[in-house]
1. Scan region 60-100 for residues that are crowded, with 19+ Cβ neighbours inside 10 Å and among the aromatic types (Phe, Trp, Tyr) and jot them down.
2. For region 1-59, what are the residues that are over 19 Å from the mean Cα position of the chain (by Cα), open to solvent by 60 Å² or more (accessible area, probe 1.4 Å) and touching a residue at least 40 places away in the same chain (Cβ under 8 Å)?
3. Being small (Gly, Ala, Ser) and either more than 17 Å from Ala160 (Cβ to Cβ) or touching a Leu at 6+ places or on another chain (Cβ under 7 Å) (or both) is the filter here, so list the residues in region 76-119 that pass it.
4. Answer yes if at least one residue in region 101-108 is open to solvent by less than 10 Å² (accessible area, probe 1.4 Å), within 13 Å of the chain's Cα centre (by Cα) and closer than 12 Å to Val131 by Cβ, and no otherwise.
5. What pairs come up if the first residue lies in region 204-228 and is in contact (Cβ under 8 Å) with a residue 24 or more places away in the chain, the second is assigned to a loop (DSSP other than H, G, I, E, B) and open to solvent by 50 Å² or more (accessible area, probe 1.4 Å), and their beta carbons are under 8 Å apart, counting only those six or more places apart or on different chains?
6. Identify, from the list Ala103, Ala138, the residue that is assigned to a helix (DSSP H, G or I) and of a type in the set (Gly, Ala, Ser).
7. Do you know which of the residues in region 109-141 that are among the acidic types (Asp, Glu) and over 22 Å from Phe83 (Cβ atoms) is surrounded by the fewest Cβ atoms within 10 Å (Cβ to Cβ)?
8. In region 36-60, which residue that is aromatic (Phe, Trp, Tyr) and not in a loop (DSSP other than H, G, I, E, B) is nearest to Gln82 (Cα to Cα)?
Amino acid sequence: MIRLSIAIMHTPVFKERRNHVENIINQISVSTIQQEVEDFKIFSDWYQKGAWYNARQCWMWGLSLKSTHHLVLQDDVILCEQFVKVIKKCIEAYPEHPLGLYANRKICEEAKNQDVRWCQIPDGTWGQAIVLPQSMIAKFLKWEKNHILPNFKHDDSRLAMYLVNSKIPAMCPMPSLVDHAGAESSIVGQSNKNKRARWFVENKNYLDYNWSDKNFLKSPSMLSKEYYKFYV
């Protein structure tokens with residue numbers, strides 16, 4: 001049985017981020033959290049120590065739980081309808097893989113044109129929403145501690161580097177389960193209005209999609225060579 005836990009990375013010093021968190025809770029609903037989620041917690045970075053500081057707290061907490069899969073969600077996303085139920089359907093399809101619930105790679109448009117449910121992307125872990133099997137969290141944290149310099153500010157790229165190094169491709173459901181509402185207000189200084197999901201459908205019950213169809217399109221890694229300046 002899938003037991004899903006959810007942690008939200010939150011930067012509460014910004015009013016719009018506080019509003020986003022309220023919206024996320026409303027979208028999921030308190031009843032769903034209480035009835036269908038193993039555990040749920042918001043990690044607030046009041047002192048703006050950075051994305052990796054907060055993401056690491058979220059992943060470390062996941063280690064302490066009895067969940068089978070752990071979702072780390074940023075505080076500036078829009079969720080698809082039936083979000084938790086859909087995640088579980090996606091996990092059922094690929095229980096051993098990391099899942100990138102947001103993607104903005106060009107291959108997503110090809111998936112849309114072909115109406116394909118999945119893309120396999122080696123570095124397909126954007127920080128907006130990432131699911132890891134609970135058993136993978138400790139391996140990732142140990143690897144990044146040994147191989148990534150502490151001053152590397154990107155949380156999701158650390159995970160992407162681990163996955164590429166370990167030859168564990170991320171699976172990205174199509175259409176994406178979340179969109180990036182805060183694309184123009186990045187907390188790591190990379191604001192970009194184009195950093196939205198390439199394929200996200202509003203006002204659509206995502207349970208209508210057949211997530212058990214494991215046919216996928218394959219994309220190459222596009223990890224920046226600049227990141228490897230921080231690799232030990």
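1. Of everything in region 60-100, those that are crowded, with 19+ Cβ neighbours inside 10 Å and among the aromatic types (Phe, Trp, Tyr) turn out to be Phe83, Tyr94.
2. Selection gives Met1, Phe14, Glu16, Gln48.
3. Keep residues of region 76-119 that are small (Gly, Ala, Ser), which gives 93, 100, 103, 111.
Listed by number, the residues that qualify are Ala93, Ala111.
4. To start, the set of residues in region 101-108 that are open to solvent by less than 10 Å² (accessible area, probe 1.4 Å) comprises 101-103, 108.
Now narrow it down to the ones that are within 13 Å of the chain's Cα centre (by Cα): 101-103.
Narrowing the set further to residues that are closer than 12 Å to Val131 by Cβ leaves 101-102.
Yes, the conditions are met somewhere in region 101-108.
5. From region 204-228, the pairs are Asn205/Gln82; Tyr206/Gln82; Leu207/Gln82.
6. Details: Ala103 fails: assigned to a helix (DSSP H, G or I).
Being assigned to a helix (DSSP H, G or I) and of a type in the set (Gly, Ala, Ser) holds for just one of Ala103, Ala138, which is Ala138.
7. Step one: filter region 109-141 for residues among the acidic types (Asp, Glu), giving 109-110, 115, 123.
From what's left, over 22 Å from Phe83 (Cβ atoms): 109-110, 123.
Details: Glu109: 13, Glu110: 16, Asp123: 24.
For region 109-141, the residue satisfying everything is Glu109.
8. Step one: filter region 36-60 for residues aromatic (Phe, Trp, Tyr), giving 40, 43, 46-47, 52-53, 59.
From what is left, the residues that are not in a loop (DSSP other than H, G, I, E, B) are 40, 43, 52-53, 59.
Values: Phe40: 17, Phe43: 23, Trp52: 29, Tyr53: 30, Trp59: 24 Å.
This residue is Phe40.
The values are calculated or read from the model by the stated rules, or taken from the named source; none is laboratory data. Values in this document were obtained by computation on a predicted structure and should not be read as measured data. Reconstructed Cβ throughout: ideal geometry from the backbone, glycine too, with neighbour counts over all protein chains shown. Ligands, DNA and RNA are stripped out before the accessible areas are found, and what is left, the full protein with its side chains, is counted by its heavy atoms. Shrake-Rupley method; radii C 1.70, N 1.55, O 1.52, S 1.80 Å.
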